[in-house]
Amino acid sequence: MTSAIRMTKTGGPEVMEMVEVELGSPGVGEVCVENRACGLNYIDVYFRTGLYPQPLPAGLGMEGAGIVLAVGPGVTHVAVGDRVAYAAKPNGAYAQQRIMPASVLVKLPDSISFDTAAAVMLQGLTVQYLFRRTYPLKAGDTILFHAAAGGVGLLACQWAKALGVTMIGTVSSEEKAELARQHGCTHVINYSHENFTTRVKEITEGRGVQVVYDSIGKDTFLGSLDCLAPLGMMVSFGSSSGPVPDFNLSELAARGSLFITRPSLISYTEKRSDLDAMAAELFSMLESGKLIVTINQRYALADVAQAHRDLEARKTTGSSILLPY
């Protein structure tokens, strides 16, 4: 028996329960992983509330790091005893042990701790595809990145600096503004008392930015479009304030023939070769010191409800992890 978080209905943090489960043995293409650390991400809230539907009852959590305990038939790229990490469906990372597809696992270098891997896999791979594939950034580009002091945001600050990119980041407090600056954000806008669209135009001398990365959604969407230079790209990769409202595509033409995309990590890592290449670049950035993971919150797995409350109340900064043991 092992402990895991399960939910039988959607709703608030209280719908998550710690239960004892019997795992059995891994089947064809599966492995049993003992999680040493689990990632906590805003996408978990979307699944918990039902914004992202999934069959119930269900587990939660897409990200973790640990040790391979057993492998099923046909598994060749990992073996018992390997250190591994993952950031992918199916949900179920909030657990001490779990049986899962081997295809989503990558081997974890000895130089990277389980805590760091659990904190960085989903967020770090997200920044990798956003900056290297969705819109391939180059030195001299200027970007707007919302929620610059969050887990993804602080990694983005550092990665943008390493690429020679001017990053304008938005935050909700002076404390978070200082945190973003410390991690390499070039310009920081506190949207609690500044209009971010106006400030972006001031900072860019009216030109606008080449790309906006927006995980906020409803509250920032139209303002973000107004920050773009002609032919710029809007990358909407989250909706923490609610879904983006319906809009007419002619709005893109009126603002300068803009591009828009709604990417997901799952699509970008579907091919094994892409997952390996993305993880290799992420691990290289960590090992070189260009990327430092800031874990500001650690919660026991049993305290997952409080972790979600803190996340939704925007009380967290940097990365957060759950500790199963």
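The values are calculated or read from the model by the stated rules, or taken from the named source; none is laboratory data. Because the structure is a prediction, the values reported are computed rather than measured. Glycine also receives a Cβ, built like all others from the backbone with ideal geometry; neighbour counts cover every protein chain displayed.
Just a few scattered comments:
- F47 passes every criterion in (1) in a loop (DSSP other than H, G, I, E, B); (2) out of contact with any Asp or Glu (no Cβ under 8 Å at 6 or more places or on another chain); (3) closer than 22 Å to I266 by Cα apart from (1).
- R132 being under 19 Å from the mean Cα position of the chain (by Cα), of a type outside the set (A, V, I, L, M) and in a helix (DSSP H, G or I): yes
- Failed item in (1) among the aliphatic types (A, V, I, L, M); (2) under 30 Å from T316 (Cα atoms); (3) surrounded by 14 or more Cβ atoms within 10 Å (Cβ to Cβ), with A280 passing the rest: (3)
- Subset of the stretch 159-194 (residues that are without any contact (Cβ under 8 Å) to a residue 12 or more places away in the chain and assigned to a loop (DSSP other than H, G, I, E, B)): H193, E194
- The requirement of being in contact with a helix residue (DSSP H, G or I) (Cβ under 9 Å, 6 or more places away or on another chain) and surrounded by fewer than 22 Cβ atoms within 10 Å (Cβ to Cβ) is satisfied by E14.
- Scanning the stretch 152-177 for residues that are at pLDDT 95 or above and of a type outside the set (A, V, I, L, M, F, W, C) gives Q158, K161, G164, T166, G169, T170.
- Residues of the stretch 235-288 that turn out to be free of Cβ contacts under 8 Å to residues at least 12 places away in the same chain and not hydroxyl-bearing (S, T, Y), as a count: 10
- Some residue of the stretch 82-96 being outside any loop (DSSP other than H, G, I, E, B) and over 26 Å from W159 (Cα atoms): yes
- L23, sole failed condition from (1) closer than 19 Å to Y325 by Cβ; (2) out of contact with any Ser or Thr (no Cβ under 7 Å at 6 or more places or on another chain); (3) in contact (Cβ under 8 Å) with a residue 60 or more places away in the chain; (4) of a type in the set (A, V, I, L, M, F, W, C): (2)
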